[in-house]
Number of protein chains: 4
Amino acid sequence: MLIVMQVDAAERQISEVVSVIMELGFKAHPMPGATRTAIGITGNQGAVEATRFENMPGVAEVIRVTKPYKLITLDLQPEKTIVHVGDATIGGDELAIIAGPCAIESRAQAFAVAETVHKSGARFFRGGAYKPRTSPYDFQGLGEEGLKILAEVRDVYGLKIVTEALDEAGVDLVECYGDMIQIGARNMQNFSLLRRAGRSPLPVLLKRGIAATLDEWLLAAEYIMAEGNYQVVLCERGIRTFAQHTRNTLDLAAIPAVRRISHLPVIVDPSHGTGKNYMVTPLARAAVAVGADGLIIEVHDQPERALCDGPQALTLEQYDQLVDEVRLISEASSAVLVI
Amino acid sequence: MLIVMQVDAAERQISEVVSVIMELGFKAHPMPGATRTAIGITGNQGAVEATRFENMPGVAEVIRVTKPYKLITLDLQPEKTIVHVGDATIGGDELAIIAGPCAIESRAQAFAVAETVHKSGARFFRGGAYKPRTSPYDFQGLGEEGLKILAEVRDVYGLKIVTEALDEAGVDLVECYGDMIQIGARNMQNFSLLRRAGRSPLPVLLKRGIAATLDEWLLAAEYIMAEGNYQVVLCERGIRTFAQHTRNTLDLAAIPAVRRISHLPVIVDPSHGTGKNYMVTPLARAAVAVGADGLIIEVHDQPERALCDGPQALTLEQYDQLVDEVRLISEASSAVLVI
Amino acid sequence: MLIVMQVDAAERQISEVVSVIMELGFKAHPMPGATRTAIGITGNQGAVEATRFENMPGVAEVIRVTKPYKLITLDLQPEKTIVHVGDATIGGDELAIIAGPCAIESRAQAFAVAETVHKSGARFFRGGAYKPRTSPYDFQGLGEEGLKILAEVRDVYGLKIVTEALDEAGVDLVECYGDMIQIGARNMQNFSLLRRAGRSPLPVLLKRGIAATLDEWLLAAEYIMAEGNYQVVLCERGIRTFAQHTRNTLDLAAIPAVRRISHLPVIVDPSHGTGKNYMVTPLARAAVAVGADGLIIEVHDQPERALCDGPQALTLEQYDQLVDEVRLISEASSAVLVI
Amino acid sequence: MLIVMQVDAAERQISEVVSVIMELGFKAHPMPGATRTAIGITGNQGAVEATRFENMPGVAEVIRVTKPYKLITLDLQPEKTIVHVGDATIGGDELAIIAGPCAIESRAQAFAVAETVHKSGARFFRGGAYKPRTSPYDFQGLGEEGLKILAEVRDVYGLKIVTEALDEAGVDLVECYGDMIQIGARNMQNFSLLRRAGRSPLPVLLKRGIAATLDEWLLAAEYIMAEGNYQVVLCERGIRTFAQHTRNTLDLAAIPAVRRISHLPVIVDPSHGTGKNYMVTPLARAAVAVGADGLIIEVHDQPERALCDGPQALTLEQYDQLVDEVRLISEASSAVLVI
């Protein structure tokens, strides 16, 4: 931490800050400059509460230097985590593809989509049984009935089931019927839910909150890992900005940014990230080119009749085309790494 | 809802959209224009799923006209709701002041602050027992112990206790010890929590999410009301923007915006809304001048030793000054209404 | 400036950074910490280019400490600047009110509005002769003809004329016909224009850019002052955020933020800041309560026929009401300062 | 345009709106709904000023349907524009690469970089002679001296020169020494400059403003085209959001969004779009995968000594690697189009 004193800070105020630092058991490094003094702090374990200094007389600013996360860092584990979901993986050499409808609406719909997903070579099937909807009057999902359909899809096609838990009770249910717990953007800082997921034997897919900074997102993963569950996959799904030509602004720079700090795999959701059918495939290509470990894609056999997020769902044909395209990009990207 | 066809949409595509509208039991109003046709829909109850039309051939855009909320609207109840918390009110003639520390840290701290809050004439005491913290390594609150201290404050000073519930179990506890359930910004779309609060006999303080649109915020209130609890107070607490001179950007225009649509009272949190001690009082004055029904303010007897949000907490002296100032503005504002 | 080294930075990398600092003629203050070393720099005049260090091996981050502005700071001039526009002032004891139509449309319109503005006791008249419009097909202003009408208004009513210059040639014209040069939000970083205004004998009203940080805004003022013109008034007019219930999000916290750093007066534009007629008056009250030195308000004798920004223009009656209301708040706020 | 009446709008208010529509010579289409009436307008040429209706009694909302642009649209010209810069093109089959330093600092620096750019097969050289800098105290470019160096680079290497004009006089100079006028993000709504560029024989590279919506950006291009210059290339260079892990948030979804509306070519600037050296190459790959017509890249022979934007400049080696990588992605993307 660095404490910057005001231009006109008195000698006495500087001494007082130094005293408090020493009182806390740390080392103070005063640096008198041409116009003002700055005081470095070392010897502390992790973050010193900036609070303690921010309102002291003569202090202009307190600058945090040490980052508050531990378990997610490359400092702790330099090689990338490979998350295992049964015999499938995310974070390894293969591009992970998670596909399926926004919401499970019926057995027929789920199987029609799963058939295509399975044939495409993807290993993961997504589908919501409990849907977080902005309005209480919108379709909220089939509930446990939906989870049972998902379990059937797994039995028939061998696809791994990724499905969202909205609360702690929801995690119990996903543990019964699914293979991977999805935590949605709205719940990225639902700390009770994060802690519960951290005590689950299942891996967790953690979506970035709609207005989450990189630090907040990584600290949400840290909440899960702090409870003992190290099988966490991050998912960039777009952030809220002033731009109105997309539902959200897909922040692909988040992928190299995460890579630079963390060993956790990171995938991209171009469906929510754009909210527009015609943008999903180009942005999926871009996500693979930027280095994402996988994609999560909304597919529907009849998007125009979807009960949720129809405008962004791909048709089965569009999905097949997407898989072909991203595989070509993925191969070119692998070549890139060995140039 | 209005469906705008593409410039080159075929006659047949227009007919198909009209058929689907009628098939759904609604009335279609095609309006052929100079360059393109638009089709209005009437006869629907509330929102027709835009999805059904958005991907139909020839459709350029689907524009929602009807808003998706009901219970919160002035259409339903033209006069403002007055929320009763015991013998105190929010939304009536008197400016409601809710004050107290970010987190309850000890009995001594709580009582030192409560003494001042009580003397100032405020009727509500705030204080967190369960704190949602970005990092799992930060102070998380005293838990039930904190709630017991709050209950003591109520007994001694007669202040109404406003405290946050982080999950459904947390609501049970607030019902035991408190008077009003606070739902924080991070949980504004935690729908399980909203529904649980909607089944509580206690009134609810619903903070706006950090990136919530007006519609999303009002629909979160609608979730609570849809379960039967009509005692909801909205709280503007700043939104996340590119600006870095404050912790959040306080959006005071939200107050007249809510007023124009909803009968629910709305208060302002200038402490989180700015994150800076020196800004709290001027923004509190502005909040009262813009027409807020109340304020929620963080006060600490020793802000420099606060375990949470110290940089924005007022000292006891600053708080007293704030109350004096906002009362003057409040009186001037009342005069305004009778000019 | 503070240079934070990576956790695993080699001794040799640290020495190299220190060498470069000394080579530049500054003093290096290495602070070895538990996990990483930070190096402070002192002895520099103003900002050292961070660039020089950011890509050196072993460097994790470079943190700027010294702010890059000089002339606008309270460090340089502790008492607030009072800008003189003829015999009227901005930044003194009196609340400055600048009012008039978005665009000058005709002599009749200008005089109808000016009559009311004059009667209200305001000292400044605003009106655009050259309008920056998003579309080339929208009304672009009357040009020099509009300026001549403004000059007539000045002659008849004694109001000071505030009008926008879009380019360097525009400044020449404002110097001919007006009293104060307005630089609009879109031109806040049009540095050629800023420099030209800095060489003008007229005072300058500098609007904040729609996405300008506090630093960028203050540095734009610094551009004007660096050319010798110290008569600068800042104007907060709303920033662009995700929120859609207003045209822009009015950032009233910018007023105390500017105050804390700069001696320049700062006013508020609640018309562009909200874009909605019904919000202008409440936000004007809030602006005065937060401590603004003045207001700039759009008024039109027939807002429903305005050629520009009609939805936010007040009627003459609404404007009169606004002036009454803000005066009451202004008096209460003055009382505040002497409590 | 669609006018939505309030729920309680009187019959008389509806008639009045209809009268005004007819008075303006358009056709009114009233659609009485279950709860409120909406009125469609047809027969108008382009945008009817919403203003005229927004404040009429009983009107709840006015919704624009027709977009305000003409010349940039696919409606007007369905096939993509290929911009010719001498014998090089942007928008055709080949990926356009524009590379060079942020600012021209010396003849030696320019030639060192140009040598590498030329060898890489790129056809365009970028370099600033007049730099728009946030602070008046930062390096502002070599001015005409810099332009002369650029002209030499053209003579020696045959590279086309792309360089920024900050004002109308700057366009005169680029016409003397360069091949393509760059208009920077800060000047995207400097309408005097846009109009001047619209009267130039040179093609124009128009960067997106830091907070520009898609409509504003396209309308800025419309300003240039309305003056007769149809040789416009759009450039996405990142927008300002709350995110702090990059200098700007690169909005790659803007590329398919532009494609869907406009025939103009669109390129991407991953250097400004991220502001971080290590992100430039991955985001360049993503830009090509998403379908951009080209890239503009900052390269420096000694980034650590750059006088401007050093942290984002690639070294010569990194640039060579980038060109190899984007070519592989470009080939895979071409394959995509013929699958």
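The values are calculated or read from the model by the stated rules, or taken from the named source; none is laboratory data. Small disclaimer: the values here were computed from a predicted structure and weren't measured. Heads up, the Cβs are rebuilt from the backbone with ideal geometry, glycines too, and the neighbour counts pull from every protein chain shown. Ligands, DNA and RNA are excluded from the accessible area calculation, which covers all protein heavy atoms including side chains. Shrake-Rupley method; radii C 1.70, N 1.55, O 1.52, S 1.80 Å.
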request  = Would you check if there is a residue in the stretch C:25-32 being assigned to a loop (DSSP other than H, G, I, E, B), modelled with pLDDT of 80 or more, among the small types (Gly, Ala, Ser) and open to solvent by less than 30 Å² (accessible area, probe 1.4 Å)?
outcome  = no
ask   = Out of all the residues in the stretch D:128-139, which are of a type outside the set (D, E, K, R) and over 23 Å from the mean Cα position of the chain (by Cα)?
value = D:135, D:136, D:137, D:139
ask   = Would a scan of the stretch A:208-219 turn up a residue that is in contact (Cβ under 8 Å) with a residue 24 or more places away in the chain, in contact with a helix residue (DSSP H, G or I) (Cβ under 9 Å, 6 or more places away or on another chain) and not hydrophobic (A, V, I, L, M, F, W, C)?
value = yes
request  = Kindly indicate which of D:164, D:168 is open to solvent by 30 Å² or more (accessible area, probe 1.4 Å) and within 22 Å of residue D:210 (Cα to Cα).
outcome  = D:168
inquiry  = Can you tell me how many residues within the stretch D:148-200 are within 22 Å of residue C:188 (Cα to Cα) and in contact with a helix residue (DSSP H, G or I) (Cβ under 7 Å, 6 or more places away or on another chain)?
reply    = 19
query = In this structure, does residue A:171 turn out to be within 18 Å of residue A:267 (Cβ to Cβ) and modelled with pLDDT of 95 or more?
reply = no
inquiry  = Checking the structure you have, find out if any residue of the stretch A:125-140 is more than 14 Å from chain B (Cβ to nearest Cβ), part of a strand (DSSP E or B) and touching a Gly at 6+ places or on another chain (Cβ under 7 Å).
reply    = yes
query = Of all residues in the stretch A:289-314, which are facing another protein chain (nearest Cβ under 7 Å) and over 25 Å from residue A:110 (Cβ atoms)?
reply = A:289, A:290, A:291
task = Could you tell me whether any residue of the stretch C:113-124 is open to solvent by 10 Å² or more (accessible area, probe 1.4 Å) and of a type in the set (Phe, Trp, Tyr)?
result = no
query = Are any residues in the stretch B:284-319 out of contact with any strand residue (DSSP E or B) (no Cβ under 9 Å at 6 or more places or on another chain) and of a type in the set (Asp, Glu), and if so, which ones?
reply = B:301, B:304, B:317
Every residue from the stretch A:192-220 that is open to solvent by less than 10 Å² (accessible area, probe 1.4 Å), part of a helix (DSSP H, G or I) and among the small types (Gly, Ala, Ser) = A:197, A:198, A:220
Residue ID - farthest from the chain's Cα centre (by Cα), chosen from residues in the stretch A:55-110 that are of a type in the set (S, T, N, Q) and either crowded, with 22+ Cβ neighbours inside 10 Å or in a loop (DSSP other than H, G, I, E, B) (or both) = A:55
key: Residue among C:219, C:206 that alone is within 13 Å of chain D (Cβ to nearest Cβ) and of a type outside the set (S, T, N, Q)   = C:219
task = Tell me, please, whether a residue that is within 19 Å of residue A:213 (Cα to Cα) and within 14 Å of chain C (Cβ to nearest Cβ) can be found in the stretch D:222-234.
result = no
task = Considering only the stretch D:14-33, state which residues are under 17 Å from residue D:61 (Cα atoms) and of a type outside the set (D, E, K, R).
result = D:14, D:15, D:17, D:18, D:20, D:21, D:28, D:29, D:30, D:31, D:32, D:33
query = Taking interchain pairs and intrachain pairs at least six residues apart, which have beta carbon atoms under 7 angstrom, with the first residue in the stretch A:180-197 and within 9 Å of chain B (Cβ to nearest Cβ) and the second of a type in the set (Phe, Trp, Tyr)?
reply = A:188/A:217; A:191/A:223; A:194/A:223; A:195/A:223
Candidate set: the stretch D:179-191, residues that are outside any helix (DSSP H, G or I) and under 26 Å from residue A:242 (Cβ atoms); chosen: the one most open to solvent (accessible area, probe 1.4 Å) = D:189
note = In the stretch B:33-43, residues that are out of contact with any Lys or Arg (no Cβ under 8 Å at 6 or more places or on another chain), at the interface with chain D (Cβ under 7 Å from one of its Cβ atoms) and farther than 10 Å from residue B:4 by Cβ total 2
message = Conditions first: (1) more than 18 Å from residue C:91 (Cα to Cα); (2) facing another protein chain (nearest Cβ under 9 Å). Residue C:201 passes all but one, so which condition is the exception?
response = (2)
task = State whether one or more residues within the stretch C:257-279 are under 23 Å from residue C:196 (Cβ atoms), of a type in the set (A, V, I, L, M), within 14 Å of chain D (Cβ to nearest Cβ) and out of contact with any Phe, Trp or Tyr (no Cβ under 9 Å at 6 or more places or on another chain).
result = no
